[in-house]
Amino acid sequence: MARGLVYLVGAGPGAPGLLTVKGRRVLETVDAIVYDRLASPRLLGYAKPDVELHYVGKEAGDHAMSQQDIEQLLISLARAGRIVARLKGGDPFVFGRGGEEAAALTEAGIPFEVVPGITSAVGVPAYAGIPVTYRKLSPSFTVVTGHRMTSEDEVDWHAYAQLSSTLVILMGVRQLHKIVDGLRGAGLSGEMPVALIRWGTRAAQRTLVGSLEDIVSKVEAAKFEAPAVIVVGDVVSKHSDLSWFESMPLAGRRIFVTAGTTDEAIRMAEAVESLGAETFALSAEMLAVQGDGVCTRLRTMLAARSAGMYFTTTLGVKIWFSQLKDLGVDLRQITNLRIAADSLAVARYLEQYGVFADGVGPGVWSDSTVNQWFVEASLGVEGQSLPNASQAVHLYSLDLTRSWLDVARMWLEDGVDAVWSTSRPSWWTSLFSLDDIWNDEAVRPFESAGAEDDWDVCEQMQKTFWRGDVEDAAVVRG
């Protein structure tokens, strides 16, 4: 069996847009992804539908898997011939234990590559409007971990206090009182500015500003918890003037995005993410298994003197055209076929292939002179009366055992402000109890149907959620 390969990929501090181009390319091609708690689950949507997903998240006192077991999992997957992405929050070699995993892989004879990521030590303060360096305030910055393996392994805060630079502390919330005592004991003034940024770059981002004198009491009063980045230094004073992310139109909002195809879902997610929202994107394509006999039906359709293909989903369109390509069919040769769509969303998707629907909606059947219609079978047409001499075409079915559903349910457990779907298909609601979500007054439903484009829906969201003037929102149209 061929030997596998492991990529140690930095996911960045949380916002999906901060993943590197190479990181995305790796996720698109691997056979398995081993991901942790600090890596945004939205990034998993870039992977192949049948990718293996392994969650190994850690938080204080609750480890899904020990570090040793994680390393053994990577080795086992690679030895089984799989190409693996170890997706880690921030940068894998900046307090991410990526070096230890690389060493374990080397010892086991497993080849690996490192894909650096934006470290939270820089990215998170930037999202809070705190530059880690600033002329006349701080010529450099130092990054240190506040988490130590043993009680004897103490940080020499006196050495750090002597540096005329910004101090960035990762994994230090639980040790905050020791950190403050150490820095003050080393001579730093109680007036030295301090900031804690929790869940930086995500919807839950919160920034708490104080000084060495009062930051511990402020954290206790606010019940401020990990994960958070701590910044100590005069640059914290820039937060009030340079803060930008937390005032974006959809900042703090969690939006669940659903669509037929993955490219649709990601496009929609990126649109609202550009306005500050956090998303999870799930598509039918992630769960789809191609139907049996599709090629046979296609040949029958193409051989008919007069036939029509009626699409009910965008994913059906994508699979159908993919099969045409596999059969080596040139679209210019198809002169006997009429193509129709069940909805405007499907008709618009057809246009991406240079095909303009001959009609939209079931009414096209009665108005057509086509001898035989082939109708895409889906939940969207259950109960509809089909035209005479028609045949149902099962382009795909859904594999409900795939890990995507567990990932989605885990994301939904943290709450959702809105659900945005291309339509409201019944299978979404049955899988996630979305009937309750649609009817929950606290959760706003949005649909692409009837909207001019994605940005039309984005503007509707801004009017719903943002207190500012929608006309002032910076919307970059794709």
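Only the coordinates and a few stated rules stand behind these numbers; no lab work does. Given the structure is predicted, the values throughout are model-derived calculations rather than measurements. In this analysis, Cβ positions are derived from the backbone assuming ideal geometry, glycine residues included, and neighbour counts consider all displayed protein chains.
In order along region 443-448, phi translates into HN-Hα couplings of 10, 9, x, 9, 10, 6 Hz, rounded to whole numbers, per the Karplus curve 6.51 cos²θ - 1.76 cosθ + 1.60 with θ = phi - 60° and x for Gly and Pro.
What ranking, highest mean first, results for peptides 333-346, 117-130 when packing means the other Cβ atoms within 10 Å averaged over each residue? Don't skip to the answer; put the middle values down first.
Values: 333-346: 18.9, 117-130: 24.4.
Put in order of decreasing packing, that is 117-130, 333-346.
Quick one: pull the percentage of alpha-carbon pairs in the chain with a separation above 43 Å. Intermediate values should be presented prior to the final figure.
On the way: 30065 of 114003 pairs.
When every Cα pair of the chain is considered, 26 percent fall beyond 43 Å.
Modelled spin-label separation between LYS223 and ALA80, with each label point placed 7 Å from Cα along the Cα-to-Cβ direction: 4.1 nm.
What is the count of Lys pairs in the chain whose alpha carbons sit under 16 Å apart, if the two are 8 or more places apart or on different chains? Walk me through the intermediate numbers first.
Working: LYS22/LYS48; LYS22/LYS88; LYS48/LYS318; LYS58/LYS88; LYS136/LYS238; LYS178/LYS218.
Within the chain, the lysine pair count is 6.
Remark on LEU395: its backbone amide H falls under 5 Å from those of ALA377, a criterion applied only to residues 5 or more positions apart or on other chains, H modelled at 1.01 Å from N. The HN-Hα couplings worked out from phi for region 344-354 by the Karplus form 6.51 cos²θ - 1.76 cosθ + 1.60 (θ = phi - 60°) are 5, 4, 5, 4, 5, 5, 4, 5, 5, 9, x Hz, whole numbers, x standing for Gly and Pro. For ARG444, the residues 5 or more places off, or on other chains, whose built amide H falls under 5 Å of its own are ALA418, VAL419.
Quick one: Cα centre-to-centre distance for region 328-348 and region 39-104, in angstrom? Result: 43 Å between the Cα centres. Taking the Cα centre of the chain as origin and assigning +1 to Lys and Arg Cβ atoms and -1 to Asp and Glu Cβ atoms, the resulting dipole is close to 900 debye.
Here the 3J(HN,Hα) profile of region 226-241, calculated from phi with Karplus coefficients 6.51, -1.76 and 1.60 at θ = phi - 60°, is 5, x, 8, 9, 9, 10, 10, x, 5, 5, 4, 5, 7, 4, 5, 8 Hz, Gly and Pro shown as x. Note on ARG297, ARG86: ascending count of other Cβ atoms within 10 Å places them as ARG297, ARG86, the fewest first. Neighbour counts of C-beta atoms inside 10 Å place VAL231, VAL21 in the sequence VAL21, VAL231, starting with the fewest. Evaluate the relative contact order of the chain (contact order divided by residue number), counting alpha-carbon pairs under 8 angstrom at least 6 apart; express in whole percent. It comes to 12 percent, rounded to a whole number. Once backbone amide H atoms are built at 1.01 Å from N, THR145 has LEU170 as its partners under 5 Å, excluding neighbours fewer than 5 places away on the same chain.
Going from the residue with the fewest nearby Cβ atoms within 10 Å to the one with the most, PHE356, PHE280, PHE245 rank PHE356, PHE245, PHE280. Since only LEU298, THR119, ALA32 are under comparison, the one whose Cα sits farthest along the positive direction of the charge dipole of the chain, derived from C-beta charges on Lys, Arg, Asp and Glu, is LEU298. Computed from the Cβ-Cβ distance with R0 of 60 Å, the FRET efficiency linking LEU344 to SER237 stands at 0.70. Annotation for ARG409 and GLN68: the two label points, set 7 Å from Cα along the Cα-Cβ direction, are 3.2 nm apart.
Does region 41-186 come out rounded, prolate or oblate, given a ≥ b ≥ c as the square roots of the eigenvalues of its C-alpha gyration tensor, rounded meaning a/c under 1.5 and, failing that, prolate meaning a/b above b/c?
prolate
Considering only THR335, VAL407, GLY363, the residue lying farthest towards the positive end of the dipole of the chain is THR335, judged by Cα position with unit charges set on Cβ.
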